[in-house]
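The values are calculated or read from the model by the stated rules, or taken from the named source; none is laboratory data. Predicted model only: the values in this text are computed from it and were never measured. Virtual Cβ from ideal backbone geometry, glycine too; neighbours counted across all protein chains shown. With ligands, DNA and RNA removed, areas are computed over all heavy atoms of the protein, side chains included. Shrake-Rupley method; radii C 1.70, N 1.55, O 1.52, S 1.80 Å.
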Amino acid sequence: MSSTLHKDDITWRDILIRSAIILISVLIVVWALPHDNRSYFHVEEGKPWKYADFTAPFDFPIYKSDLAISEERDSAMRHYEPYYSINKETELRMVKKFRTDYADGIPGLPKSFIGIISNRLHSLYQQGIMEQEEYNKLRKDTSQMIRVVSGKEAASVSILEVYSSKTAYEQLFSEDQLSINRPILQKCNLNSYIMPNLIYDRVRSETSKNDLLSGIALASGLVQKGQKIVGRGEIVTEKTYRIIESFKRENELRNEDVAHNQISLLGQILYVTILMVSFTLYLTLYRKDYFEKPRSIAMLYTLILFFVLLTALFMRNTLVHVYILPYAMVPIFIRVFMDSRTAFMTHTIMILVSAIMLQHPYEFVVIQTIAGLAAITSLRELSQRSQLFKSAIIITLASMITNLAFDWMRADGLAQIDYSTYNYLIANGVALLFAYPLLYLIEKAFGFTSDITLIELSNTNSELLRQMSEIAPGTFNHSIQVANLAGEIANKIGAKAQLVRTGALYHDIGKLSNPIYYTENQSSIDPHETLTDVESAQIIISHVTEGLKMADKYNLPKVIRDFIATHHGLGKAKFFYIRYHNEHPDEPVDDLLFTYPGPNPFTREQACLMMADTVEAASRSLPDYTEQSIRSLVERLVDTQVAEGYFRECPITFRDIQYAKTVLIEKLKTIYHTRVSYPSEKK
């Protein structure tokens with residue numbers, strides 16, 4: 001019956017708000033997503049593969065292990081021959097210097113020794129002399145060969161055939177003539193004429209080394225796209241381990257490609273944008289009223305982003321499986337505070353966004369979707385702790401059975417099934433039990449009120465209701481009767497019965513400030529007899545404003561305060577209004593003095609309360625309680641409320657109102673024990 005034509009048009013402001021929500025959500029999600037293309041899984045050789053079946057997403061080589069490559073390098077380096085060039089100028093310079101220094105001969109020796117030593121030096125230089133440090137390094141391997149370059153020719157020479165400065169000096173005295181006269185020759189300091197003439201040729205040596213090493217293949221095979229690498233539960237062999245490590249290495253190489261990363265980032269942005277736009281369109285088309293309540297939008301998008309961020313965190317810690325995360329909490333919270341369809345839509349979007357971070361998302365999406373459906377169907381109302389416990393069991397069993405179906409489809413035998421995943425799913429079920437205390441945080445953070453809170457408020461031992469039962473017992477009894485009637489109406493039309501019952505218990509708490517001024521609390525004295533009609537009306541009307549003050553004082557939820565404000569709507573204190581009008585027929589009446597502050601009901605639950613409150617109060621004044629009198633009363637009062645427009649801003653239908661009339665008539669007949677009239681006996 002609500003007038004919503006003006007709400008159907010989406011303004012530019014609405015478009016900007018929705019666009020801003022989408023943009024912020026996409027930015028946060030994309031920021032959290034992994035951008036390095038790494039493979040977030042932990043693998044050990046000889047252990048079962050605990051993830052889904054792993055197939056190659058692209059072609060990549062099977063790289064050899066570091067040990068194998070090192071062995072091949074060592075083998076290749078055995079054939080490596082460093083290049084050394086002979087510097088002929090060194091020999092000429094040193095021999096000439098020797099002859100010049102001893103032109104007059106060596107004291108104590110014949111002059112012929114000059115020629116003998118010169119020839120011996122020439123022989124040593126022809127063999128080749130290298131730096132002592134290089135010689136020592138190469139000499140460790142007696143089979144080491146070097147390439148000696150002389151002009152345009154290069155010859156392979158054993159390291160044993162060349163000398164260092166030290167060995168050349170010792171070789172100089174290998175001649176008998178020189179050896180006999182060694183004491184005399186040592187005074188000549190002949191080692192100063194022995195200098196390295198084999199110079200290391202770095203360019204040729206490095207080229208030769210690179211040619212040898214380049215011949216070593218880094219890979220020993222190729223994995224083609226779509227090829228199965230390992231199945232879930234299979235033991236990771238040495239070969240499988242190398243293939244998986246090769247895949248991770250190839251992924252890292254691809255990550256270094258800036259162009260590839262940019263394309264990947266654009267893909268992530270597009271994917272997340274499509275999902276968030278779809279979710280926002282759903283809310284715009286089917287749950288437009290949520291955009292009028294910022295707390296609803298805040299909770300929906302916050303829950304999605306929170307679990308996406310948790311997924312990103314878990315994916316970077318490969319030792320913890322994402323199945324531990326209780327994703328089913330999201331549909332539980334939304335089902336409790338909103339509706340089933342929105343709960344499923346939110347859960348689906350969250351799962352699809354989280355799945356982009358997994359290597360094999362299909363299994364994850366199916367299992368978590370089934371878990372979400374189990375959560376929604378098993379928990380329609382959360383009013384007892386045991387309900388959540390049962391739901392956690394159902395969700396866990398549904399997840400495990402779905403996972404078992406995948407295992408049976410892949411495994412060749414029961415022994416190949418990896419049961420560690422079921423431990424994660426059980427841990428997930430235990431984590432779901434924390435939804436009960438977390439409900440309190442959700443309520444406080446977003447301003448919702450759960451059925452649990454409503455049940456706690458409905459406890460008649462609570463301070464405010466206990467005061468009412470003691471100070472205003474008539475009002476207390478009236479509130480209980482109204483709660484029963486309104487609750488039955490809500491059940492009949494599919495509204496929130498627990499919310500109506502709790503709101504009904506508190507709708508008249510403002511009467512505690514002046515209980516004696518209300519009929520249900522009076523015995524024989526009526527204080528209104530000493531007041532004017534205006535004063536009496538103001539006191540009666542004040543129970544709404546006083547009730548709102550008390551609600552603020554006792555921190556009652558906003559939904560309860562709305563019942564207090566709307567249970568009379570913008571109606572009038574008709575008893576005093578009509579009496580004043582009758583007594584002052586010629587005077588204009590200021591209607592505001594007799595009008596409640598309102599507003600009129602704007603939810604179905606508030607409409608239920610207004611009808612039940614009006615009918616219950618009026619029924620006490622019936623002279624007799626027959627089916628006809630009760631039906632007439634209910635029809636007249638409810639039709640008057642409809643005619644006076646109390647339900648224009650309320651999404652209640654004429655069918656709902658007709659059901660409400662039926663419930664009120666039947667319940668009042670039961671309350672007042674109406675019976676069939678017995679015929680009198682004719683005499």
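Residue count for the stretch 177-235 under the criterion of being open to solvent by less than 40 Å² (accessible area, probe 1.4 Å) and acidic (D, E): the result is 1. Scanning the stretch 272-297 for residues that are of a type in the set (S, T, Y) and surrounded by fewer than 17 Cβ atoms within 10 Å (Cβ to Cβ) returns T273, S278, Y282, T284, Y286. Of the set (1) in contact (Cβ under 8 Å) with a residue 24 or more places away in the chain; (2) open to solvent by 80 Å² or more (accessible area, probe 1.4 Å), all apply to E170 but (1). Taking into account only those residues within the stretch 439-472 that are among the β-branched types (V, I, T) and open to solvent by 50 Å² or more (accessible area, probe 1.4 Å), which is farthest from F389 (Cα to Cα)? Result: I471. Can you find a residue in the stretch 617-624 that is of a type in the set (K, R), under 18 Å from D508 (Cβ atoms) and surrounded by fewer than 23 Cβ atoms within 10 Å (Cβ to Cβ)? Checking the stretch 617-624: at least one residue is of a type in the set (K, R), under 18 Å from D508 (Cβ atoms) and surrounded by fewer than 23 Cβ atoms within 10 Å (Cβ to Cβ).
Considering Y323, Y301, the condition of being at pLDDT below 90, buried (at least 19 other Cβ atoms within 10 Å of the Cβ) and not β-branched (V, I, T) is satisfied by Y323 alone. Taking first residues from the stretch 509-530 that are acidic (D, E) and partners that are modelled with pLDDT of 85 or more, the Cβ contacts under 6 Å between residues at least 6 apart in sequence or on separate chains come to E520/G474; E520/T475; E520/H478.
Hey, can you tell me all the residues within the stretch 54-98 that are open to solvent by 40 Å² or more (accessible area, probe 1.4 Å), closer than 30 Å to T240 by Cβ and part of a loop (DSSP other than H, G, I, E, B)? Correct list: P57, D59, S65.
Could you list all residues from the stretch 168-212 that are of a type in the set (A, V, I, L, M, F, W, C), part of a helix (DSSP H, G or I) and either modelled with pLDDT under 85 or within 16 Å of D101 (Cα to Cα) (or both)? Result: L172, L178, I180, I184, L185, L190, L212.
Within the stretch 429-477, the residues that satisfy the criterion of being closer than 22 Å to D613 by Cβ, assigned to a loop (DSSP other than H, G, I, E, B) and of a type in the set (G, A, S) are S458, S462, A472. Residues of the stretch 109-142 that are outside any helix (DSSP H, G or I) and touching a residue at least 40 places away in the same chain (Cβ under 8 Å): L109, G128, I129, M130, E131. Which one of these does Y436 not meet: (1) over 21 Å from Y554 (Cβ atoms); (2) surrounded by fewer than 19 Cβ atoms within 10 Å (Cβ to Cβ); (3) at pLDDT 90 or above? Of the numbered conditions (1) over 21 Å from Y554 (Cβ atoms); (2) surrounded by fewer than 19 Cβ atoms within 10 Å (Cβ to Cβ); (3) at pLDDT 90 or above, the odd one out for Y436 is (3). Looking only at residues of the stretch 489-507 that are in contact with a Phe, Trp or Tyr (Cβ under 8 Å, 6 or more places away or on another chain) and more than 17 Å from K558 (Cβ to Cβ), we find that the one that is surrounded by the most Cβ atoms within 10 Å (Cβ to Cβ) is I489. So which residues in the stretch 407-428 are at pLDDT below 85 and either open to solvent by 70 Å² or more (accessible area, probe 1.4 Å) or in a helix (DSSP H, G or I) (or both), if there are any at all? Answer for the stretch 407-428, where residues must be at pLDDT below 85 and either open to solvent by 70 Å² or more (accessible area, probe 1.4 Å) or in a helix (DSSP H, G or I) (or both): D407, W408, M409, R410, D412, L414, A415, Q416, Y419, S420, T421. For I22, the requirement of being at pLDDT 80 or above, at negative phi and in contact with a helix residue (DSSP H, G or I) (Cβ under 9 Å, 6 or more places away or on another chain) is met.
Counting only residues that are among the hydroxyl-bearing types (S, T, Y) and not in a strand (DSSP E or B), the stretch 143-159 holds 1 of them. Answer with yes or no whether T502 is at pLDDT 90 or above, part of a helix (DSSP H, G or I), among the β-branched types (V, I, T) and closer than 17 Å to R561 by Cβ. Here the answer is yes, as T502 does meet what is asked.
When the stretch 625-640 is limited to residues that are touching a residue at least 40 places away in the same chain (Cβ under 8 Å) and assigned to a helix (DSSP H, G or I), the one that is least open to solvent (accessible area, probe 1.4 Å) turns out to be I630. Identify the single condition in (1) crowded, with 17+ Cβ neighbours inside 10 Å; (2) farther than 30 Å from M611 by Cα; (3) modelled with pLDDT of 90 or more that I401 does not satisfy, given that it satisfies every other one. That leaves (1) as the condition not met. K152 meets all of the listed conditions (1) within 30 Å of Y80 (Cα to Cα); (2) open to solvent by 50 Å² or more (accessible area, probe 1.4 Å); (3) at pLDDT 85 or above but one, namely (3).
Kindly evaluate A483 against the criterion of being open to solvent by less than 60 Å² (accessible area, probe 1.4 Å), farther than 19 Å from S621 by Cβ, outside any loop (DSSP other than H, G, I, E, B) and in contact with a Lys or Arg (Cβ under 6 Å, 6 or more places away or on another chain). So A483 fits the description; yes. The residue that is surrounded by the fewest Cβ atoms within 10 Å (Cβ to Cβ), among those in the stretch 326-355 that are modelled with pLDDT under 90 and of a type in the set (A, V, I, L, M), is M338. When the residues of the stretch 508-543 are narrowed to those that are assigned to a helix (DSSP H, G or I) and charged (D, E, K, R), which ends up surrounded by the most Cβ atoms within 10 Å (Cβ to Cβ)? For the stretch 508-543, the residue satisfying everything is K511. If you go through the stretch 544-571 and keep only what is aliphatic (A, V, I, L, M), open to solvent by 20 Å² or more (accessible area, probe 1.4 Å) and under 28 Å from T640 (Cα atoms), you end up with L548, V559, L570. The conditions of being touching a residue at least 24 places away in the same chain (Cβ under 8 Å) and of a type in the set (D, E) are not met by E89.
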